[in-house]
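A.B. asks: The structure follows.
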Protein chains: 2
Amino acid sequence: MTIRFEIVARCGGARRGRVHTPHGSFDTPAFMPVATAGAMKGLTPAQVRGTGSQIILNNAFHLLLRPGAERLARLGGSHRFMRWDGPILTDSGGYQAFSMAEIRDLDEDGVTFRSFIDGSRIHLGPESSMSVQHAIGADIMMAFDDCPPARGDLSDGDYRARVTAANDRTARWLARCVKAHGSRDTQALFGIVQGGTEPDLRRASVDAVCSHDLPGYAIGGVAVGEGSDAIHGTVRLTAPMLPADRPRYLMGVGYESDIWAAAQAGVDMFDCVLPTRNGRNGFVFTGTGSLRLRNATHAEDLRPIDAACDCEACAGGFSRAYLRHLFMAGEMLGPTLASIHNIRHFQRFMADMRSAISDNLPASFERQWPIAVQPAPPVTEGAEPSRP
Amino acid sequence: MTIRFEIVARCGGARRGRVHTPHGSFDTPAFMPVATAGAMKGLTPAQVRGTGSQIILNNAFHLLLRPGAERLARLGGSHRFMRWDGPILTDSGGYQAFSMAEIRDLDEDGVTFRSFIDGSRIHLGPESSMSVQHAIGADIMMAFDDCPPARGDLSDGDYRARVTAANDRTARWLARCVKAHGSRDTQALFGIVQGGTEPDLRRASVDAVCSHDLPGYAIGGVAVGEGSDAIHGTVRLTAPMLPADRPRYLMGVGYESDIWAAAQAGVDMFDCVLPTRNGRNGFVFTGTGSLRLRNATHAEDLRPIDAACDCEACAGGFSRAYLRHLFMAGEMLGPTLASIHNIRHFQRFMADMRSAISDNLPASFERQWPIAVQPAPPVTEGAEPSRP
């Protein structure tokens, strides 16, 4: 195995563990902040490390477009490139290619789209995604999968047909990914389970994906617009089906309550752009809810964002009044400090969750973090969409 | 005296010294980076401190407009606001009001302009400038002066008339500033000498300004567009006229060669937006010249910006290839790292200059820093204007 997973404590369905990778270990349940294009938007690696983050994400789609996979390989891969010496996980690039790129053709070989940088035609499929992720040098790579959208306005029959087709394609592509990945022992390939919100199709996808003996498995196709209850239901159903001795990764989720619900179902790994995307836009998380820093109510508020937080912004004594000023004045330091705070907020949440699992005190954790059991807040005025 | 200045070494006309302020000391010749609106554009105070900067600038004009002087006073002043516990110097706000603001009326009482934020009419004059700088709480405050533009297309007679009028107004305004400042002992007021490029008018302004016993004096009206030779000539003439036992501050200058020439004439303090403004735009300084990071030649260059530099970017192992990527991808981390490098570059230049003064080895300094004796480089494609 390229990575090693040990479980050190259990609490109901939740597990506390540790994943050992070629670039060091990370504790689970883990929150992985997203360094999309090889940078954590205004944070130095030292600042990322200072938030307590042990593993970060790179987006293969963005790095494929710029600086390009071959160039990145010549430069020694993403660890060397961005000076992050800890574990890195890459997505396959498929999700972004399907959802973000213009003029795309989807067929059995993958997706062809136009680069938003130079307009060139780029193909991404199972083999090329593996190749890109090999170039990046991520410790954990994700299979190239077909992620169907949420039900939307489809009839039950149409939705099931679409999810079934995605399941089948995901299974065929996984076999090609496994073959293309080969036996390299410095990078671990995770499979991704699809199946939408249909219990039997989730089961079918688990069976197909887990027929490959892989070092970890992810739950995909969640948080694509289906609402909080459906997310929780799907995760509670799917997570326990996955092999108990492998890390389970819920992709692109989410708010604190989503993470806690999923951790209780046995999920070990999480990623989300919420802390950085919201932080850049002046929305910050606290133990009791979120704040819009541009709000005039903060103009003379000398308190930190969250008195309970030990991040560089809160412990450093930067007031809400100052942070509001930075956002009103368009100063880059505002997004930087708000992102540092938000990532640290999630890492404190995860650290306390891991302690609660070790101590078997989930109720105590929920008293400590009321947001762990509150429904996800609505998107506030000016906030960017947070899912997935 | 609100500040104390000690000279510890001399080398020709150059002096090495130390200025003691209510918020700590700084070594001279000193370079002061500019935190215009109460933030060093993307750098935390810890990162600013890490560049070796001991004193920073705030612009009274920007802080007057936002967050506003009264609000800033209620928030405890700029040190508390931006979490910078070292010395702060503020300009008077006059220069920006004259040069940047729209719809301005200039008369004996000062300047009236429209706020670029809300369009409101704002007046700034000797008394109100002192009041704003008191609110900011800067350790060193600058007199409200009348800074005439460069000669431009004016005839000799018209230019002399204009500079003479500015001299006289500067002297009248200084008397009002001194009166408005009063006897407070926590903030030091510096006078500003004008006189353009006319030796006798410089002398006249020195006489008028230095008739006030002030803790420091600045050379203003330099680097307003008059060219490198005129800058050096004016500084060489003016600096030695200023009281030898007070720190001398050359405002808004400049490139390394300008700073070294002025230091040799006996100037002790410098500020310039070059390191941060150029850094934000991807232009970085090295010991042998400057680089445009967006240039394609850096795309696969694994070297740091400057192998001799010990800044967070260079010593941290961030390659030119990565920095280019950050600028091409519009990642905030690019401006942050380039600004850190550029400020550190200037601080290393100053530290070596101070050692050279102590050791009486100016020729050795010039061999070590060839850019100290090269003329200022032309503005490169895409660079913003650097003066003043």
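The values are calculated or read from the model by the stated rules, or taken from the named source; none is laboratory data. Only a predicted model underlies this, so the values are computations on that prediction, with no experimental measurement involved. Cβ placement follows ideal geometry from the backbone for every residue including glycine, while neighbour counts extend to all protein chains displayed.
A.B. asks: When the residues of the range B:320-333 are filtered to those that are within 7 Å of chain A (Cβ to nearest Cβ) and assigned to a loop (DSSP other than H, G, I, E, B), which remaining residue is farthest from residue B:53 (Cα to Cα)?
C.D. replies: In this case the residue turns out to be B:329.
A.B. asks: Right, here's the next one. Criterion first (out of contact with any strand residue (DSSP E or B) (no Cβ under 8 Å at 6 or more places or on another chain), not assigned by TED's automatic domain parsing to the domain that holds residue A:253 and not hydrophobic (A, V, I, L, M, F, W, C)) does residue A:324 satisfy it?
C.D. replies: yes
A.B. asks: Does residue A:302 satisfy the criteria of being among the aliphatic types (A, V, I, L, M), within 12 Å of chain B (Cβ to nearest Cβ) and assigned to a loop (DSSP other than H, G, I, E, B)?
C.D. replies: In short, yes.
A.B. asks: Considering only the range A:281-299, state which residues are in a loop (DSSP other than H, G, I, E, B) and at negative phi.
C.D. replies: Across the range A:281-299, the qualifying residues are A:281, A:287, A:288, A:293, A:294, A:295, A:299.
A.B. asks: Exactly one condition in (1) over 19 Å from the mean Cα position of the chain (by Cα); (2) hydroxyl-bearing (Ser, Thr, Tyr); (3) closer than 29 Å to residue B:123 by Cβ is false for residue B:92; which is it?
C.D. replies: Unmet condition: (1).
A.B. asks: Does residue A:132 qualify as being β-branched (Val, Ile, Thr), touching a strand residue (DSSP E or B) at 6+ places or on another chain (Cβ under 9 Å), in contact (Cβ under 8 Å) with a residue 24 or more places away in the chain and away from every other protein chain (no Cβ under 14 Å)?
C.D. replies: yes
A.B. asks: Still on this structure: Condition (residue is among the polar types (S, T, N, Q), touching a Gly at 6+ places or on another chain (Cβ under 8 Å) and touching a residue at least 12 places away in the same chain (Cβ under 8 Å)) applied to the range A:74-86: is it met by at least one residue?
C.D. replies: yes
A.B. asks: With respect to residue B:364, determine if the residue is in contact with a strand residue (DSSP E or B) (Cβ under 6 Å, 6 or more places away or on another chain) and either in a helix (DSSP H, G or I) or more than 14 Å from chain A (Cβ to nearest Cβ) (or both).
C.D. replies: Criteria not met by residue B:364.
A.B. asks: Same structure again: When you go through A:138, A:97 one by one, which is the residue that is modelled with pLDDT of 95 or more, surrounded by 24 or more Cβ atoms within 10 Å (Cβ to Cβ) and either assigned by TED's automatic domain parsing to the domain that holds residue A:39 or not charged (D, E, K, R) (or both)?
C.D. replies: The conditions single out A:138.
For every residue, the table says whether it meets (1) away from every other protein chain (no Cβ under 14 Å); (2) assigned to a loop (DSSP other than H, G, I, E, B); (3) at pLDDT 95 or above; (4) within 19 Å of the chain's Cα centre (by Cα).
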{"site": "A:238", "(1), (2), (3), (4)": "yes, no, yes, yes"}
{"site": "A:249", "(1), (2), (3), (4)": "yes, no, yes, yes"}
{"site": "A:254", "(1), (2), (3), (4)": "yes, yes, no, yes"}
{"site": "A:266", "(1), (2), (3), (4)": "yes, yes, yes, yes"}
{"site": "A:313", "(1), (2), (3), (4)": "no, yes, yes, no"}
{"site": "A:316", "(1), (2), (3), (4)": "no, yes, yes, no"}
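A.B. asks: Determine if the range B:215-235 includes at least one residue that is surrounded by fewer than 23 Cβ atoms within 10 Å (Cβ to Cβ), within 15 Å of the chain's Cα centre (by Cα), in a loop (DSSP other than H, G, I, E, B) and touching a residue at least 40 places away in the same chain (Cβ under 8 Å).
C.D. replies: Yes, the range B:215-235 contains at least one residue that is surrounded by fewer than 23 Cβ atoms within 10 Å (Cβ to Cβ), within 15 Å of the chain's Cα centre (by Cα), in a loop (DSSP other than H, G, I, E, B) and touching a residue at least 40 places away in the same chain (Cβ under 8 Å).
A.B. asks: Another one. Across the range A:103-134, what is the number of residues that are part of a strand (DSSP E or B) and under 23 Å from the mean Cα position of the chain (by Cα)?
C.D. replies: The total comes to 3.
A.B. asks: Among residues belonging to the range A:4-29 that are more than 18 Å from the chain's Cα centre (by Cα) and assigned to a loop (DSSP other than H, G, I, E, B), point out the one that is nearest to the other protein chains (Cβ to nearest Cβ).
C.D. replies: This residue is A:23.
A.B. asks: May I pose another question? Kindly indicate which of A:160, A:176, A:104, A:172 is touching a strand residue (DSSP E or B) at 6+ places or on another chain (Cβ under 6 Å), basic (Lys, Arg) and assigned by TED's automatic domain parsing to the domain that holds residue A:251. Step through it out loud before you land on a result.
C.D. replies: Numbers: A:160 fails: touching a strand residue (DSSP E or B) at 6+ places or on another chain (Cβ under 6 Å); A:176 fails: touching a strand residue (DSSP E or B) at 6+ places or on another chain (Cβ under 6 Å); A:172 fails: touching a strand residue (DSSP E or B) at 6+ places or on another chain (Cβ under 6 Å).
One residue alone meets the criteria, A:104.
A.B. asks: Being at the interface with chain B (Cβ under 8 Å from one of its Cβ atoms) and closer than 16 Å to residue B:317 by Cβ is the filter; apply it to the range A:55-79 and report the residue that is surrounded by the most Cβ atoms within 10 Å (Cβ to Cβ).
C.D. replies: A:75
A.B. asks: Further question on the same structure: Determine whether residue A:113 is out of contact with any Asp or Glu (no Cβ under 7 Å at 6 or more places or on another chain), within 30 Å of residue A:225 (Cβ to Cβ) and away from chain B (no Cβ under 11 Å).
C.D. replies: Values: out of contact with any Asp or Glu (no Cβ under 7 Å at 6 or more places or on another chain): no; within 30 Å of residue A:225 (Cβ to Cβ): yes; away from chain B (no Cβ under 11 Å): yes.
No; evaluated as a whole, the condition is false for this residue.
A.B. asks: Within the range B:142-194, restricting attention to residues that are of a type in the set (Phe, Trp, Tyr) and outside any loop (DSSP other than H, G, I, E, B), which residue is nearest to residue B:108 (Cα to Cα)?
C.D. replies: The qualifying residue nearest to residue B:108 (Cα to Cα) is B:173.
A.B. asks: One residue is enough: does the range B:334-348 have a residue meeting the conditions crowded, with 22+ Cβ neighbours inside 10 Å and within 7 Å of chain A (Cβ to nearest Cβ)?
C.D. replies: yes
A.B. asks: Which one of these is within 12 Å of chain B (Cβ to nearest Cβ) and in contact (Cβ under 8 Å) with a residue 60 or more places away in the chain: A:52, A:42, A:38?
C.D. replies: Criteria check complete, one pass: A:42.
A.B. asks: Does residue B:359 qualify as being at pLDDT 95 or above, among the charged types (D, E, K, R) and over 20 Å from the mean Cα position of the chain (by Cα)?
C.D. replies: Against the criterion (at pLDDT 95 or above, among the charged types (D, E, K, R) and over 20 Å from the mean Cα position of the chain (by Cα)), residue B:359 qualifies.
A.B. asks: Taking the range A:119-135, which residues are within 16 Å of residue A:184 (Cβ to Cβ) and surrounded by fewer than 24 Cβ atoms within 10 Å (Cβ to Cβ)?
C.D. replies: Once the filter is applied, which keeps residues that are within 16 Å of residue A:184 (Cβ to Cβ) and surrounded by fewer than 24 Cβ atoms within 10 Å (Cβ to Cβ), the range A:119-135 yields A:127, A:131, A:134, A:135.
A.B. asks: Further question: Could you tell me whether residue B:245 is closer than 17 Å to residue B:14 by Cβ, surrounded by fewer than 24 Cβ atoms within 10 Å (Cβ to Cβ) and assigned by TED's automatic domain parsing to the domain that holds residue B:145?
C.D. replies: yes
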